[in-house]
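Asks: Got a structure for you, written out below as structure tokens; questions coming shortly.
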Amino acid sequence: MSNISTWRVACTFRRALWFSFVTAPALSFFVGFVFLSFNNSLAGEFMEEARSLVADAPPGKVWDCVPPRNTSPEDSLPPVPSVKPVCERVLVDADTWQRSTDTFIKHVYLWLAILGAVIWWSWNGMKESLVIVLWLKEKAGKILPTMRGER
């Protein structure tokens with residue numbers, strides 16, 4: 001009996017980890033990739049972005065887009081321009097840009113894995129979580145005998 005429940009708990013953990021860390025992020029990235037390919041050529045978009053990053057930049061630097069700084073420290077409200085600049089192009093060290101982009105991609109993956117775990121748990125993990133809790137109680141009961149009413 002104990003071996004069957006241990007096997008069931010191990011299979012449940014394996015399914016949860018596989019869905020959370022592999023299936024959910026892979027499906028999310030694939031769906032995003034497919035939706036991006038509907039608008040334009042993906043290769044064309046990649047080439048355009050690569051050109052905008054390195055065009056007229058010195059070696060070891062790339063152009064990055066940062067939010068514009070407010071240059072007026074006064075409390076008075078300046079006239080609002082009809083079109084606000086979305087970003088300011090500044091030269092950034094290529095290694096710094098690479099690290100920040102890698103960190104962003106890792107954070108997206110982490111959030112997709114967390115979302116995958118929540119989805120797995122809400123779809124079929126609630127009943128499996130009960131099995132895990134009961135299994136843990138059984139194991140804890142064998143290690144630490146219950147002291148109900150005993151003094």
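Asks: Which numbered condition in (1) loosely packed, with under 10 Cβ neighbours inside 10 Å; (2) at pLDDT below 90 is the only one that residue 41 fails?
Replies: (1)
Asks: Here are 9, 34, 54: which of them is surrounded by 13 or more Cβ atoms within 10 Å (Cβ to Cβ), free of Cβ contacts under 8 Å to residues at least 12 places away in the same chain and aliphatic (A, V, I, L, M)?
Replies: When all the criteria are applied, what remains is 54.
Asks: Just name the residue that is nearest to residue 24 (Cα to Cα) out of those in the range 89-119 that are among the β-branched types (Val, Ile, Thr) and surrounded by 14 or more Cβ atoms within 10 Å (Cβ to Cβ).
Replies: Ranking the candidates gives 119 first.
Asks: Going by the structure shown, is residue 22 hydrophobic (A, V, I, L, M, F, W, C), under 26 Å from residue 114 (Cβ atoms) and more than 14 Å from the chain's Cα centre (by Cα)?
Replies: no
Asks: Suppose we filter 80, 86 for residues that are hydrophobic (A, V, I, L, M, F, W, C), farther than 24 Å from residue 32 by Cα, assigned to a loop (DSSP other than H, G, I, E, B) and at pLDDT below 90; which single one remains?
Replies: Result of the check over 80, 86: 80.
The values are calculated or read from the model by the stated rules, or taken from the named source; none is laboratory data. The model shown is predicted, which means the values in this text are computed figures rather than measured ones. Backbone-built Cβ (ideal geometry, glycine too); neighbour counts: all protein chains shown.
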